[in-house]
1. Just the residues that are touching a Ser or Thr at 6+ places or on another chain (Cβ under 9 Å), farther than 13 Å from residue 115 by Cα and part of a loop (DSSP other than H, G, I, E, B), please, taken from the range 47-80.
2. Going by the structure shown, is residue 90 within 24 Å of residue 30 (Cα to Cα), assigned to a helix (DSSP H, G or I) and of a type in the set (Phe, Trp, Tyr)?
3. Mind telling me which of the residues 109, 97 ends up being assigned to a strand (DSSP E or B) and not aliphatic (A, V, I, L, M)?
4. For residues in the range 112-131 being touching a Ser or Thr at 6+ places or on another chain (Cβ under 8 Å) and part of a helix (DSSP H, G or I), which is surrounded by the fewest Cβ atoms within 10 Å (Cβ to Cβ)?
5. Does residue 69 satisfy the condition of being out of contact with any helix residue (DSSP H, G or I) (no Cβ under 8 Å at 6 or more places or on another chain), at pLDDT 95 or above and either surrounded by fewer than 19 Cβ atoms within 10 Å (Cβ to Cβ) or of a type in the set (Asp, Glu) (or both)?
6. Looking only at residues that are among the small types (Gly, Ala, Ser) and touching a residue at least 12 places away in the same chain (Cβ under 8 Å) in the range 72-111, which one is surrounded by the most Cβ atoms within 10 Å (Cβ to Cβ)?
Amino acid sequence: MGCRRRYKNNNGQSRLLTPAAFRKLALGMPSAELSSHHGSPDIRVGGKIFVQPADRQGGKEFAILKFTPEQQQVFCEAEPDIFHPVPGGWGAKGWTRMVVENSDAATARSALWTAWRNVAPRKLQQEHPPQ
């Protein structure tokens, strides 16, 4: 079992994300738009879903990100307390759960940029190259 990291700000307070903070980061991505799919909120770029914001499942706050299977493996191996494949066929295609309460903003931003780049139109990606 992996260790659970606690990030602290200068006042010693936890810097782990809340679902609201995660949603704000996701909606701050270039051309991101809030929409819905089968009654659940999602966030899209160019009309394609790249993330479902966090909601409570099994006592944890999960967001769901669109990764490739290879990206999913990298994120899950690097941060096993944060990232888990979605069960079933969707997970096999790369869709990945992110335990928001275990993540800090830097990790969330990295995951969001990865998911965003998987679906964003090429022109928009060229306007926002990786840093």
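1. Answer for the range 47-80, where residues must be touching a Ser or Thr at 6+ places or on another chain (Cβ under 9 Å), farther than 13 Å from residue 115 by Cα and part of a loop (DSSP other than H, G, I, E, B): 47, 79.
2. Details: within 24 Å of residue 30 (Cα to Cα): no; assigned to a helix (DSSP H, G or I): yes; of a type in the set (Phe, Trp, Tyr): yes.
When the stated conditions are applied, residue 90 does not pass them.
3. Values: 109 fails: assigned to a strand (DSSP E or B).
Of the residues listed, the single one that is assigned to a strand (DSSP E or B) and not aliphatic (A, V, I, L, M) is 97.
4. As a first pass, look at the range 112-131 and keep what is touching a Ser or Thr at 6+ places or on another chain (Cβ under 8 Å): 118, 120, 124.
Restricting the remaining residues to those that are part of a helix (DSSP H, G or I) gives 118, 124.
Working: 118: 17, 124: 15.
Ranking the candidates gives 124 first.
5. Judged against the criteria, residue 69 is not a match.
6. 103
The values are calculated or read from the model by the stated rules, or taken from the named source; none is laboratory data. What you see is a predicted model, and the numbers here were worked out from it, not measured in a lab. Cβ atoms come from the backbone with ideal geometry, glycine included; neighbour counts cover every protein chain shown.
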